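Here is the structure we will look at, set down as structure tokens.
The values are calculated or read from the model by the stated rules, or taken from the named source; none is laboratory data. Keep in mind that this is a model prediction, so the values were computed, not measured. No Cβ is skipped: glycine too gets one built from the backbone with ideal geometry, and neighbour counts run over all protein chains shown.
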Amino acid sequence: MSDIVISVKNLTKQFGNFVAVDNISFDVQRGEIFGFLGANGAGKTTAMRMLCGLSYPTSGSGTVAGYDVMRNGEQIKRHIGYMSQRFSLYNDLTVLENMRLFASIYGLSKKHTEERATELLNQLNFMSERNTLVGSLPLGWKQKLSFVIATIHHPDVIFLDEPTGGVDPITRRQFWELIYKAAENGTTIFVTTHYMDEAEYCSRVSIMVDGKICALDTPTRLKEQYSANSMDEVFRTLARGAKRGG
Amino acid sequence: MKVFIALLQKEFLQIRRNSFLPRLIIAFPILVMLLMPLIMTMDVRNVNIAIVDLDHSSTSHRIASHINASEYLSLAQSTAEYPLALDALKHGDIDIIVQIPNNFERDMTISTPERISITANAVNATKGSMGLQYTVQTIAKALAELQCEKSPINVQELLTVENRYNPTLNYRYYMIPALMIILFILICGFLPALSIVGEKESGTIEQINVTPISKLTFTLSKLVPYWIIGLFVVTVAMIVARLVYGLSPVGSVATIYFGAILFIFTISGFSITIANFSDTMQQTMFVMFFFVMIFMLLSGLLTPIDSMPQWAQRFTLLLPPRYLVEILRSVYLKGTTFIELWPNFVALGIFAIFFNTLAALTYKKQA
């Protein structure tokens, strides 16, 4: 398999007259942490949903883990993990029950499921909470749990849609440690965020404005290019030109 | 298959953990079957009669005592002034006024007497017309009795009446099958839709949609729990009908189960189809209520299809409950067999396949 895990060409999504995603193209390498930045309404979530096989592109093409986003949406789903903006595990199931459910859905064997569950619970120091209903966990814990469940089947790519929104700084730190660990194991991370300190942690960053990608490079080179001290300044410079969202 | 079992486990866990649903599923059939047949009745009873007796003869007294003795009528007022009775009718104290004219008895023997006049309050058309009929019959009976005291033949004895299949004309026996269907609609029609839309509202369905789960597996995992619950509901309803109302099917219980299962398939498939097209609980509930109203009022559950206009009768062919109510009533009361009812089973079978296929097809994982 090639080292390009996500490859997108002229991807466009139109809702009526509104062009949510306008002709975007980029490639993501295996093991990269790819930061997908943009103001609210810039089209990040829409683009991500197309890559996850949740939404059909209006035009353009793309492959994720070697499968076509137009035709092989269901194949893509076997090879990716996804964590949506809204917490979407089952609140009325326990931590372990949620893990088992998603493990079965991805076809893990019973033995493998138990091993994996133990491994993930240990990774999170969650062993004591395994029989707690997910609904009663604090937000930060829920987000970490969502992340590890998205990795339960060892996907090639994990899509994270604002995973740390509303999470405290300490938990955010821990969350990014989880991300790093997954990336070290060769998993590609595709992440959207509004925290510019998080953008600094990414291998490469793209910034979307009004449905288009305006900038794409490593954080260091972006800062040089816009002669800025931080990603925050880069983002402000670019996003100032936005006409929609806010 | 493994995926399906995992999903099914999840559904049952969720139903069990719900603080409200398991109680509802048990209490609903029992309450509906216990209370509704006692309360809902189309029998017209307690028709209040006022007699305006201008005759004061033995004939008029005979009529009054017949009215008083009737099971359906009760003599509420006896007066000599029609306006007084009319006033009572206006206030709703009286439903029907019977006025017996002056010298009625005397004139009856010699010539054609002045007629007895009957005035009914017809605001409630059913009560008015049924009450009127009972009154006319009662008076006719009283007069016939008088007549035959003078002649050797009793007109009444020339007739024998038999109510086949429901000998006591018990309205409950007609209602119980309809109530069973209403229960299926409420439980197996609403709950699967609410379960799907609930996942849409909480966002969990998105996590499912991003997995390789097949549409059919997911749809079935939403349907099967309610099929099982539906079977439980049929059983409870039949037991209550037996224990409380002494109604057990003349025909075979298996035929009833088979019809009920096909109907439960149909209505739950219908339910999921509606949910697939809705984004919120509000939309689902509103659309479901619209169809449920049509199902309840136009499928012959409460009013006979035979009395509908021709075009409406043809329209009822599109309503699944009409086939099941026919099955349940004829098996319960007449002992009709499966073979005789086959067109109804075929119709329900077609509906079941149609709606469940539609449910699986309209579920969109990718928009």
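Structure above, values below:
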item	result
Residue match in region B:33-42 (condition: surrounded by 19 or more Cβ atoms within 10 Å (Cβ to Cβ) and of a type outside the set (Phe, Trp, Tyr))	yes
Residues of region B:202-257 that turn out to be of a type in the set (Ser, Thr, Tyr) and more than 30 Å from A:ASN72 (Cα to Cα), as a count	7
Test: residue in region B:7-30 that is under 19 Å from B:VAL233 (Cα atoms), touching a residue at least 24 places away in the same chain (Cβ under 8 Å), within 13 Å of chain A (Cβ to nearest Cβ) and among the β-branched types (Val, Ile, Thr)	yes
Residue within region B:289-307 that is out of contact with any strand residue (DSSP E or B) (no Cβ under 6 Å at 6 or more places or on another chain) and within 23 Å of B:SER202 (Cα to Cα) present	yes
Check on A:ARG30, closer than 16 Å to A:VAL5 by Cα and basic (Lys, Arg)	yes
Every pair of residues 6+ apart whose Cβ atoms lie under 6 Å, when the first sits in region A:27-53 and is closer than 20 Å to A:ARG236 by Cα while the second is of a type in the set (Phe, Trp, Tyr)	A:PHE34/A:PHE190; A:LYS44/A:PHE36
Odd one out for A:THR164 among (1) without any contact (Cβ under 8 Å) to a residue 40 or more places away in the chain; (2) farther than 21 Å from A:ILE80 by Cα; (3) not basic (Lys, Arg)	(2)
Residue identified as modelled with pLDDT under 80, polar (S, T, N, Q), farther than 30 Å from B:ILE39 by Cβ and surrounded by fewer than 13 Cβ atoms within 10 Å (Cβ to Cβ) among B:THR168, B:THR160, B:THR126	B:THR160
Any hit, region B:307-319, residues being within 25 Å of B:LEU358 (Cβ to Cβ), surrounded by 13 or more Cβ atoms within 10 Å (Cβ to Cβ) and over 21 Å from the mean Cα position of the chain (by Cα)	no
Conditions (1) closer than 16 Å to B:HIS56 by Cα; (2) hydrophobic (A, V, I, L, M, F, W, C); (3) exposed (fewer than 13 other Cβ atoms within 10 Å of the Cβ); number of the one not met by B:PHE104	(3)
Residue in region B:203-211 that is touching a residue at least 12 places away in the same chain (Cβ under 8 Å) and touching a Pro at 6+ places or on another chain (Cβ under 8 Å) present	no
All positions within region B:300-321 that are at pLDDT 95 or above and either among the charged types (D, E, K, R) or not in a helix (DSSP H, G or I) (or both)	B:LEU319
Residue among A:GLY166, A:GLY140, A:GLY186 that is in contact with a helix residue (DSSP H, G or I) (Cβ under 7 Å, 6 or more places away or on another chain), farther than 28 Å from A:LYS243 by Cβ and of a type in the set (Gly, Ala, Ser)	A:GLY140
Flag for B:SER330 being in contact (Cβ under 8 Å) with a residue 24 or more places away in the chain, surrounded by 13 or more Cβ atoms within 10 Å (Cβ to Cβ) and either within 14 Å of chain A (Cβ to nearest Cβ) or out of contact with any Asp or Glu (no Cβ under 9 Å at 6 or more places or on another chain) (or both)	no
Scope region A:202-224; condition of a type in the set (Gly, Ala, Ser) and within 17 Å of the chain's Cα centre (by Cα); matching residues	A:SER203, A:SER206
A:GLN174, sole failed condition from (1) part of a loop (DSSP other than H, G, I, E, B); (2) on the phi < 0 side of the Ramachandran plot	(1)
Lone unmet requirement of (1) over 24 Å from B:ARG172 (Cβ atoms); (2) assigned to a helix (DSSP H, G or I) for B:PHE338	(2)
Strands (runs of 3 or more DSSP E) fully within region A:20-139 counting 3 or more residues that are more than 9 Å from chain B (Cβ to nearest Cβ) and within 26 Å of A:SER203 (Cα to Cα)	A:33-38, A:59-64
Residues that are crowded, with 24+ Cβ neighbours inside 10 Å and closer than 18 Å to A:ASP22 by Cα, drawn from region A:54-95	A:VAL69
